[in-house]
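Participant: First the structure, then my questions, so here it is.
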Amino acid sequence: MNGFNQYTPTEVIFGKGTENQVGETAKKWGGSRILIVYGGGSVVRSGLLDRVKASLDAAGLAWEEFGGARPNPYLNHAEEGVQKAIAFGADLILAVGGGSTIDTAKGIAHGTANPDTKLWDIWTKKVPLTKTLPVGVVLTIAAAGSEMSDSAVLTNTETGVKAGLGTEFNRAKFAIMNPELTFTLPDYQIACGVTDIMMHTMERYFIPGAQEMLTDEIAEGLLRTVIANGRLALKDKTDVNALGEIMWCSSLSHNGLTGAGRSARDFSVHKFGHALSVKYDVAHGASLSAVWKAWAEYACEGEGALERFARFARKVWLVEEEDDRAACAKGIEMTVAYFKEIGVATCLKDFGLDPSEEEIQDLAMKTTSNDTVRLCPARTITAVEAKAIFEASR
Ligand code: NZQ
Ligand code: ZN
């Protein structure tokens, strides 16, 4: 087991009706002037936004609203939010929505606390981030795990780069999680969320030589839980217990717990997915499942990797094969079959895409930051291998 820092300072308030506590909670965390950030309007249509405003009013807090965060959110939209937050004198940014809204809120918090610095300079670490504003969350979709993660992802439409920023300043002060708020989700978003939650766990799992027993057991239990409850939720979208399990999996999959003690973390599948999302604007979860099979078939051949893939098959999919190679193949097959069952892409054709060779080359360069980074601890991926993985994902 390697040394690690586990810092998960987010107060989680979980359960029915908890959104009505948002006013008092925001006040407790130092908010008096709240910028409410939301997405394309689902929270307006569901009435949640009105309930949030009523709770802020009841707590005597001033608020201003800023909607329009789109899926795979844009840097320039967050920059607009910074201007709005500064003009209003916001002292707490409240995200009401999913990963795209939360990441926009995190960007606004960083930009507002550092008004003389370009947000992209913070994002690209040209300027170190040393302060931010508090961020609170009312979660409406279980997926990105941003409600507890140290990460935020924005797309720079000028450079065509979708990039994540990892920093402890990205940890939300509180996250309000009422699974009933996810009743209105379309099936596809539930499936994309389940896929993303699986990936956050798997991206920390396939590390050769890993032998952190508790971390493994947490990851495997989380994967079995989200897989089983994904099926239940897609059968009955009012199954509050299943949706609650998925929501809690979302937060724990990406708050650090499933990687504690590992010698490395991967996130190469996310790099592939970000390249796809920025070029074709596909949903994040599905962007990952579309390349996972080709990625796994490549990665499992790395030194020491087969053992991890075989363990994954036995512990997550309850495969009974004694031979590691046979178990590994079965585990990959069952994962891909599950993605098909819940309705996310398992290849580029599933998005209706048939990229040209130049487009594949461009995707490979985006994935590897112009061939400057070496991805995947299980088996190195440069632009050459990235291109082959995209080709195999056709
Ligand atoms: O925008 P609205 O109208 O709210 O609709 C959203 C959006 O269309 C809809 N939705 C959300 N809650 C709903 C709902 N519709 C009906 N009822 C509800 N209760 O769902 C759609 C997707 O929303 P989005 O916020 O984009 O979903 P998600 O949580 O999957 O976030 C994806 C973004 O998070 C980033 C992704 O790259 C992507 O940009 N990620 C952020 C991470 C982080 N900060 O730690 C880690 C992840 O790996 C991920 O990269
Ligand atoms: Zn993700």
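Participant: Rg and Dmax of the stretch 205-275, Cα atoms, in Å?
Facilitator: In Å, with Rg to one decimal and Dmax whole: 14.0, 41.
Participant: Please state, rounded to one decimal and in Å, the Kirkwood hydrodynamic radius that the stretch 34-130 gives when every pair of distinct Cα atoms enters the mean of 1/r. Please list the in-between numbers first.
Facilitator: On the way: mean 1/r = 0.0738 Å⁻¹.
This gives a value of 13.6 Å.
Participant: Right, next: Per 5 Å bin, what percent of the C-alpha pairs of the stretch 281-394 does each bin hold, from zero upward?
Facilitator: Histogram of Cα-Cα distances, whole percents per bin: 2, 12, 19, 21, 20, 14, 8, 3, 0.
Participant: Given contacts defined as C-alpha pairs under 8 Å and at least six residues apart, what's the relative contact order of the chain, whole-number percent?
Facilitator: 15
Participant: Can you list the lysines whose alpha carbon is less than 23 Å from that of K366, not counting same-chain residues fewer than 8 positions off?
Facilitator: Partners found: K118, K125, K126, K162, K271, K279, K293, K349, K387.
Participant: Measuring from the lowest to the highest alpha carbon on each principal axis, how far does the stretch 273-320 reach, largest first, in angstroms?
Facilitator: 38, 23, 11
Participant: From the phi angles alone, apply the Karplus equation (6.51, -1.76, 1.60; θ = phi - 60°) to the stretch 199-210 and give each ³J(HN,Hα) in whole Hz, x where the residue is Gly or Pro.
Facilitator: 5, 4, 7, 5, 5, 9, 9, 8, 10, x, x, 4
Participant: Please list, in chain and number order, the residues 5+ apart from V138 or on another chain whose amide H is under 5 Å from its amide H, with Hs placed from the backbone.
Facilitator: For V138, the qualifying residues are A95, V96, G97, I176.
Participant: Give the aspartates and glutamates whose C-alpha is closer than 12 Å to that of K106, dropping any in the same chain fewer than 8 places away, or say none.
Facilitator: Straight-distance partners of K106: E79, E147, D150, E168.
Participant: Could you pull the Rg and Dmax for the stretch 300-340, using just the Cα atoms, both in Å?
Facilitator: Rg, Dmax (Cα atoms, Å): 9.4, 29.
Participant: Carbon and sulfur atoms: what percent of the 1.4 Å accessible area of the stretch 303-377 do they account for?
Facilitator: Values: 1790 of 3990 Å².
Here carbon and sulfur together make up 45 percent of the probe-accessible area.
Participant: List the extent of the Cα atoms of the chain along each of their three principal axes, largest first, rounded to whole Å.
Facilitator: Its Cα atoms span 64, 44, 42 Å along the three principal axes.
Participant: Quick one: P(r) of the stretch 1-82 from all Cα-Cα pairs, 10 Å bins, percents rounded to integers, in order of increasing distance.
Facilitator: Once binned at 10 Å, the Cα pair distances of the stretch 1-82 give 15, 37, 34, 10, 4.
Participant: What share of all Cα pairs of the stretch 202-340, in percent, falls into each consecutive 10 Å distance bin?
Facilitator: Reading the bins upward from 0: 12, 38, 39, 10, 0.
Participant: Next question, about the same structure. Can you give me the convex hull volume of the Cα atoms of the stretch 161-241, divided per residue and expressed in Å³? Walk me through the numbers before you get to the answer.
Facilitator: Values: hull volume 12.8 nm³, N = 81.
Looking at the stretch 161-241, the number lands at 158 Å³ per residue.
Participant: Still on this structure: In what order, largest first, do I381, I141 sit by accessible area if the probe radius is 1.4 Å?
Facilitator: Details: I381 0, I141 30 Å².
Order by accessible area, largest first: I141, I381.
Participant: Now for a separate question. Using DSSP, restrict attention to beta bridges with both residues in the chain and report what percent are antiparallel, rounded to the nearest 5. Can you show the working numbers first?
Facilitator: Working: 7 of 30 bridges.
For the chain, the DSSP antiparallel bridge percentage is about 25.
Participant: Further, regarding this structure: In whole Hz, what ³J(HN,Hα) sequence does the stretch 7-20 give by Karplus (6.51, -1.76, 1.60; θ = phi - 60°), x for Gly and Pro?
Facilitator: Once θ is set to phi - 60°, the couplings for the stretch 7-20 become 10, 10, x, 6, 6, 9, 10, 10, x, 4, x, 5, 4, 6 Hz.
The values are calculated or read from the model by the stated rules, or taken from the named source; none is laboratory data. This one's a predicted model, so the numbers in the text were calculated from it and none came from an experiment. Surface accessibility is based on the protein's heavy atoms, side chains included, excluding ligands, DNA and RNA. Shrake-Rupley method; radii C 1.70, N 1.55, O 1.52, S 1.80 Å.
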